[in-house]
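Visitor: Below is one structure. I have some questions about it.
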Amino acid sequence: MRNMKYFFKLFDLLPRAGPGNYESTRWAFEAIPGLPNQPFILDLGCGPGEQTIDLAKISKGKIIALDRHQPFLDTLMNSVRRAGLADDITPKNMLMEEMDFAAETFDLIWSEGALYFMGLQNGVRRCHQLLKPGGCLAFTDLTAYSTDLPKPVADMFFSEMADFPQLPAKLAMVEAEGFTILTHFTLPKTAWLDNFYVPMEIELPRLEEKYQDNEAAMEVYQSMRDEIALYRDYSDYIGYEFIVGQKK
Ligand SMILES: C[S@@+](CC[C@H](N)C(=O)[O-])C[C@H]1O[C@@H](n2cnc3c(N)ncnc32)[C@H](O)[C@@H]1O
């Protein structure tokens with residue numbers, strides 16, 4: 001288990017807290033039919049919020065950006081002010097397990113790399129309750145693209161996130177929870193490398209120098225380097241799948 005203090009000393013410096021990019025956010029949004037002119041949107045586990053800003057610009061909607069980690073929300077709100085979007089994005093520091101929104105509140109629920117924190121099936125079910133009739137859920141989730149994962153990949157990427165690793169089972173679960181799948185696609189590798197791992201590699205040397213005598217910190221930073229190296233070697237086996245579904 002990673003020491004979260006030193007984990008956040010790295011993650012609080014990054015533009016994104018997971019893989020993603022503008023084009024993927026846009027492609028997923030373009031699959032959604034019949035939204036009102038100003039949709040009401042929930043961004044679950046928004047992190048530092050690069051995709052929240054992209055989504056606000058693309059959708060012209062009003063967004064509640066929910067996360068449990070206040071430094072991420074602070075980063076987001078700095079970007080929001082710079083982008084002149086303060087009327088459109090409202091931060092909410094809350095556990096997703098404790099959301100108290102009324103049923104059928106949102107036109108769209110967005111979640112890049114975060115829905116699994118409440119258990120993927122449970123998260124999909126909860127989103128179904130919170131969506132208006134015909135509303136849409138768009139989320140990305142770590143996915144195995146082989147039924148025969150090399151052991152180092154399985155150990156690194158799926159030990160904590162074992163819900164529905166294979167795509168057919170994931171899609172079937174989303175359908176079974178009351179959604180019609182509108183589209184799904186795999187995020188390009190650049191969404192992992194250019195937008196997530198390369199910024200991490202830029203920050204790591206300074207932290208490794210600062211914490212060179214701190215065993216707990218160095219363990220965290222080495223584990224991130226191991227993760228990056230594994231991704232580079234095995235990126236055909238794993239990825240993030242963007243899944244967009246409409247409430248039936
Ligand atoms: C992998 S990051 C993705 C962040 C962002 N969507 C992105 O793509 O950059 C997951 C996010 O979920 C948040 N998170 C994790 N567990 C949570 C929970 N139980 N309630 C609310 N947010 C949570 C984390 O703080 C983190 O910002």
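Quick note: the coordinates plus some simple rules give every number you see, no bench work behind them. Please read all numbers here as calculations on a predicted model, not as lab measurements. Cβ: placed from backbone, ideal geometry, glycine included. Neighbour counts: every protein chain shown.
Visitor: How far, in nm, would the chain grow between N93 and Y234 when pulled straight, counting 0.36 nm per residue and subtracting the alpha carbon separation?
Guide: Separation in residues times 0.36 nm, less the Cα-Cα distance, equals 47.2 nm.
Visitor: Please work out whether the chain counts as rounded, prolate or oblate from its C-alpha gyration tensor, where a ≥ b ≥ c are the square roots of the eigenvalues and a/c under 1.5 means rounded, while otherwise a/b larger than b/c means prolate and anything else oblate? Please report the intermediate quantities before stating the final value.
Guide: Numbers: a/c = 1.87, a/b = 1.30, b/c = 1.43.
It comes out oblate by the Cα gyration axes.
Visitor: If the only charges are +1 at each Lys and Arg Cβ and -1 at each Asp and Glu Cβ, what is the size of the charge dipole of the stretch 131-248 around the Cα centre, to the nearest 20 debye?
Guide: 740 debye
Visitor: Considering the options A56, A17, L35, tell which one lies farthest towards the positive end of the dipole of the stretch 1-63, charges being +1 on Lys and Arg and -1 on Asp and Glu at the Cβ, about the Cα centre.
Guide: The one lying farthest along the dipole's positive direction is A17.
Visitor: Using a simple charge model, +1 on the beta-carbon of Lys and Arg, -1 on the beta-carbon of Asp and Glu, nothing else, what dipole does the chain show about its Cα centre, in debye to the nearest 20?
Guide: Values: 24 positive and 36 negative charges, 141 e Å.
Its charge dipole is roughly 680 debye.
Visitor: Which one, A154, I202, W192, projects farthest toward the positive side of the charge dipole computed for the stretch 154-248 from Cβ point charges (K/R +1, D/E -1)?
Guide: W192
Visitor: Which shape class, rounded, prolate or oblate, goes with the stretch 17-112 when its Cα gyration tensor gives a ≥ b ≥ c as root eigenvalues, a/c under 1.5 marks rounded, and past that a/b bigger than b/c marks prolate?
Guide: It comes out rounded by the Cα gyration axes.
Visitor: Shape call for the stretch 90-153 from the C-alpha gyration tensor, a ≥ b ≥ c root eigenvalues: rounded (a/c under 1.5), prolate (a/b greater than b/c) or oblate?
Guide: Prolate, since a/c reaches 1.5 and a/b exceeds b/c.
Visitor: Could I ask something else about it? So how do M94, M4 line up by other beta-carbon neighbours within 10 Å, fewest first?
Guide: M4, M94
Visitor: Under the √(5λ) rule applied to the eigenvalues of the Cα gyration tensor, what semi-axes describe the equivalent ellipsoid of the stretch 60-177? Give them in Å, descending.
Guide: 28, 19, 12
Visitor: Treat every Asp and Glu Cβ in the stretch 1-139 as -1 and every Lys and Arg Cβ as +1, leave all other atoms uncharged, and give the resulting dipole magnitude about the Cα centre to the nearest 20 debye. Don't jump to the answer; show the numbers that get you there.
Guide: Working: 15 positive and 16 negative charges, 49 e Å.
Computed charge dipole of the stretch 1-139: roughly 240 debye.
Visitor: Quick one: among N122, N78, N195, which has the greatest mean-square fluctuation in a GNM of the chain with alpha-carbon springs under 10 angstrom?
Guide: N78
Visitor: Taking the chain as a Gaussian network, Cα atoms linked when under 10 Å apart, which of I32, I202, I41 shows the biggest mean-square fluctuation?
Guide: Looking only at I32, I202, I41, the largest GNM fluctuation is found for I202.
Visitor: For the chain, modelled as a Gaussian network with Cα springs under 10 Å, which listed residue fluctuates most, F29, F101, F11?
Guide: F101
Visitor: Can I ask one more? Which of the aspartates and glutamates could a cross-linker bridge to K170, judged by Cα under 13 Å and excluding same-chain residues fewer than eight apart?
Guide: D141, E241
Visitor: Of the lysine pairs in the stretch 1-147, how many meet both conditions: Cα atoms under 29 Å apart, and a spacing of 8 or more in sequence or different chains?
Guide: 9
Visitor: Cα centroids of the stretch 67-114 and the stretch 191-208: how far apart, whole angstrom?
Guide: If you average the Cα positions of each part, the centres end up 24 Å apart.
Visitor: Something else: Quick one: what are the phi-derived ³J(HN,Hα) couplings along the stretch 147-158, Karplus 6.51/-1.76/1.60 with θ = phi - 60°, whole Hz, x for glycine and proline?
Guide: Karplus-based 3J(HN,Hα) across the stretch 147-158 equals 7, 10, 6, x, 4, x, 6, 4, 5, 6, 9, 10 Hz.
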